[in-house]
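A.B. asks: Would you mind keeping the following structure in view while I ask a few things?
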Amino acid sequence: MRRMIPLSRPDITEEDIEEVVEVLKSGRLSLGDHTRKFGEVVAQYVGAKYGWPVSSGTAALHLILESLDVKEGDIVLVPSFTFIASVNVILMKKAIPVFVDVDRRTLNVSSETLEDAIKRCLKGFKQGDVHIKGVPGFFMAVDVFGHPLDWDGVLEVCSRYGITVIEDSCEALGSEYKGKKTGTFGVAGAFAFYPNKQITTGEGGVVVTDSEQIFTLVKSMSNQGRGEDEKWLYHVRFGYNYRIDEMSAALGLSQMERIDRILEKRSEAADRYSKMLKDLPWVQVPVVEEYVTRMSWFVYVIRLNGPDRDRVMKYMEEKGVQVRNYFHPVHLQPFYEKTFGNMRGLLPVTEEESKKTLALPFFTNISPKEQERVVEILEEAVERVG
């Protein structure tokens with residue numbers, strides 16, 4: 001029997017393991033130098049002044065909203081074609097997520113779809129059963145699958161309407177838009193390091209920003225609101241236990257030492273898939289726009305035009321190839337339908353394209369033979385059940 005080809009697999013080296021073991025031997029397992037250094041290394045890599053590690057990408061996004069004092073009832077623009085955490089953190093602040101449709105090519109929010117959503121808010125409209133009217137204050141921008149937004153246009157729209165940008169780059173560490181790295185286009189950016197990401201800390205995230213105030217607040221609130229002097233058991237504001245542990249930070253530091261090679265290997269794997277798939281008329285391979293000067297591949301998601309995606313997925317799984325749909329729109333998730341009512345038809349491109357998406361096995365050290373097997377089973381699935 002063939003071994004299952006997994007959807008993802010973390011790249012853990014002996015050096016990574018040794019770094020974590022050294023921390024375990026040290027006895028300092030939290031709030032040590034590795035935490036501070038990891039934040040600094042990520043910030044330096046992306047070109048931000050400050051970086052602070054936290055327990056997850058979700059925690060990073062939540063703390064950014066907290067630092068900006070997002071209030072109950074504030075309107076926050078956000079794509080529905082994203083991981084659910086991008087939206088959940090908005091509800092954690094009792095703000096109102098207003099869902100924005102995406103561009104059909106990149107599956108990112110475009111300046112046009114963003115402005116359309118803004119105009120709907122200003123005019124007033126119903127999102128499900130909820131009537132929304134007002135000036136949006138924030139935009140939760142998502143660099144989906146690692147592909148940067150077309151930032152020039154997006155920032156022009158946000159500037160014109162006075163909208164503050166938070167950048168959810170949890171999937172995009174190392175991607176560049178016209179030579180500038182993602183995570184640095186808003187007032188603050190967030191990265192995440194779950195095991196399927198470009199680098200991993202097991203669980204964990206980092207907030208990056210050029211704002212000393214945001215950095216100070218994020219650092220404090222991630223540690224139960226402890227004051228800037230870090231006085232023992234002295235808390236100056238409301239906070240959370242969003243700390244990252246020293247073992248995770250050490251793993252992140254070790255992985256960052258080879259981040260460029262990791263991104264190169266993932267790019268090579270993506271190129272191999274694209275070459276293997278380019279002549280299949282029912283496959284739409286991922287688009288990388290010209291303004292992307294470096295693509296940091298998080299996942300490799302194709303779209304099936306014609307074949308029954310769900311039947312193809314089931315067949316591939318049965319043949320030992322793990323695949324998934326990416327993403328199921330947030331506005332169609334059961335909890336959000338319960339909260340806002342029926343929103344079907346709200347985002348036509350998101351709803352149509354999400355039905356076609358198929359994430360193929362993709363990770364740093366995937367072999368050409370594994371990829372050939374994936375494509376072989378994909379073709380077989382379409383021929384037999386698609």
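The values are calculated or read from the model by the stated rules, or taken from the named source; none is laboratory data. Because the structure is predicted, anything quoted here is derived from the model rather than measured. Here the Cβ positions follow ideal geometry from the backbone for every residue, glycine too, while neighbour counts run over all protein chains shown.
A.B. asks: In the range 144-159, is there at least one residue being under 23 Å from residue 217 (Cα atoms) and in contact with an Asp or Glu (Cβ under 9 Å, 6 or more places away or on another chain)?
C.D. replies: no
A.B. asks: Which one is farthest from residue 359 (Cα to Cα) among residues in the range 316-327 that are in contact with a strand residue (DSSP E or B) (Cβ under 9 Å, 6 or more places away or on another chain) and in contact (Cβ under 8 Å) with a residue 40 or more places away in the chain?
C.D. replies: Among residues in the range 316-327 that are in contact with a strand residue (DSSP E or B) (Cβ under 9 Å, 6 or more places away or on another chain) and in contact (Cβ under 8 Å) with a residue 40 or more places away in the chain, the one farthest from residue 359 (Cα to Cα) is 320.
A.B. asks: Pull up the range 119-134, narrow it to residues that are touching a residue at least 40 places away in the same chain (Cβ under 8 Å) and out of contact with any strand residue (DSSP E or B) (no Cβ under 7 Å at 6 or more places or on another chain), then point me to the one that is surrounded by the most Cβ atoms within 10 Å (Cβ to Cβ).
C.D. replies: 128
A.B. asks: Could you say which residue among 248, 296, 267, 254 is surrounded by fewer than 18 Cβ atoms within 10 Å (Cβ to Cβ) and of a type in the set (Gly, Ala, Ser)?
C.D. replies: 267
A.B. asks: Further question on the same structure: Given the residues 16, 74, 11, 69, which is the only one that is of a type in the set (Asp, Glu) and at positive phi?
C.D. replies: Among 16, 74, 11, 69, only 69 is of a type in the set (Asp, Glu) and at positive phi.
A.B. asks: Follow-up question, since we're still on this one. Could you pull out the residue among 386, 345, 306 that is under 23 Å from residue 132 (Cβ atoms), part of a loop (DSSP other than H, G, I, E, B) and of a type outside the set (A, V, I, L, M)?
C.D. replies: On inspection, the qualifying residue turns out to be 345.
A.B. asks: Which residues, counting only those in the range 1-17, are outside any loop (DSSP other than H, G, I, E, B) and touching a residue at least 60 places away in the same chain (Cβ under 8 Å)?
C.D. replies: Across the range 1-17, the qualifying residues are 5, 15, 16.
A.B. asks: Condition first: assigned to a strand (DSSP E or B) and either more than 23 Å from the chain's Cα centre (by Cα) or farther than 20 Å from residue 148 by Cβ (or both). Can you find one or more residues in the range 264-281 that meet it?
C.D. replies: no
A.B. asks: Can I ask one more? Of the conditions (1) surrounded by fewer than 17 Cβ atoms within 10 Å (Cβ to Cβ); (2) assigned by TED's automatic domain parsing to the domain that holds residue 85; (3) on the phi < 0 side of the Ramachandran plot, residue 225 clears all except one; give me its number.
C.D. replies: Residue 225 satisfies all of (1) surrounded by fewer than 17 Cβ atoms within 10 Å (Cβ to Cβ); (2) assigned by TED's automatic domain parsing to the domain that holds residue 85; (3) on the phi < 0 side of the Ramachandran plot except (3).
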